[in-house]
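Shown next, in structure tokens, is the structure this report addresses.
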Amino acid sequence: MVKIGVSSLKTGFSDELEFDFQEKWSYLGTASAKLPVVAPVRVQGKVTNTGKSMLVEGKVVTALQLTCDRCLAAYKFPLKVYLQEEYVVNSDPAQAGSRDELEAENLRLYKGEIIDLQPAVEEALTIALPMKSLCHEDCRGLCPRCGQNFNEAQCQCETETVDPRLAVLGKLLSPKEGES
Ligand SMILES: [Zn+2]
Ligand SMILES: [Zn+2]
């Protein structure tokens, strides 16, 4: 859990607090998958007491294991994302009752003396994921017939490309199998 104690900020002892921690995560859960996290998650930055809110600015560095959409190979995807989040304390009943307003202003809540950065870090990493996962920009993919990974070798399948219109014609002309 990525948590920061902000009691020193609240007492006015100092109005800025730096943090730098590193954690081991086993995976990042997204809406569609559990992606293995293959490097420590390092979260660095500072919290500033702005008077109205606690402003968190920082960066997250880690690496995930993704699966290539073309060749299905697992590959390491290094990530570096920036965080900028504003937290308001969850003690004001008026604020607690207006979650929509909080969301509209991009404010997050914290309780007591602790800011839990975990949800913000997870969201920032999830947003930074590529729409299409490719092991290399020019991944050559798999043979649709035998599954050979073209990045590693060619296969013995015929490589002729058949025009789909001709393929239909070919079907009509060739004798159908299994019919007598
Ligand atoms: Zn690939
Ligand atoms: Zn093949």
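The values are calculated or read from the model by the stated rules, or taken from the named source; none is laboratory data. Since the model is a prediction, treat every value here as computed from it, not as a measurement. Neighbour counts are summed over all protein chains in view; Cβ atoms, including those assigned to glycine, are modelled from backbone coordinates with ideal geometry.
Brief remarks follow.
- The residues in the range 75-115 that are touching a Lys or Arg at 6+ places or on another chain (Cβ under 6 Å) and either hydrophobic (A, V, I, L, M, F, W, C) or modelled with pLDDT under 90 (or both) can be counted, and the count is 2.
- Residue selected from the range 32-68 under the condition at pLDDT 95 or above and not in a strand (DSSP E or B), by the criterion surrounded by the fewest Cβ atoms within 10 Å (Cβ to Cβ): Pro40
- Residue ID - surrounded by the fewest Cβ atoms within 10 Å (Cβ to Cβ), chosen from residues in the range 122-133 that are touching a residue at least 40 places away in the same chain (Cβ under 8 Å) and more than 16 Å from Ala63 (Cβ to Cβ): Lys132
- The selection criterion, being surrounded by 10 or more Cβ atoms within 10 Å (Cβ to Cβ), modelled with pLDDT of 95 or more, assigned to a loop (DSSP other than H, G, I, E, B) and within 16 Å of ligand 2 (Cβ to nearest atom), holds for Cys71.
- Look at the range 104-121: where a residue is over 18 Å from Thr50 (Cα atoms) and a partner is of a type in the set (Asp, Glu), sitting 6+ places away or on another chain with Cβ atoms under 8 Å, you get Ala120/Glu85.
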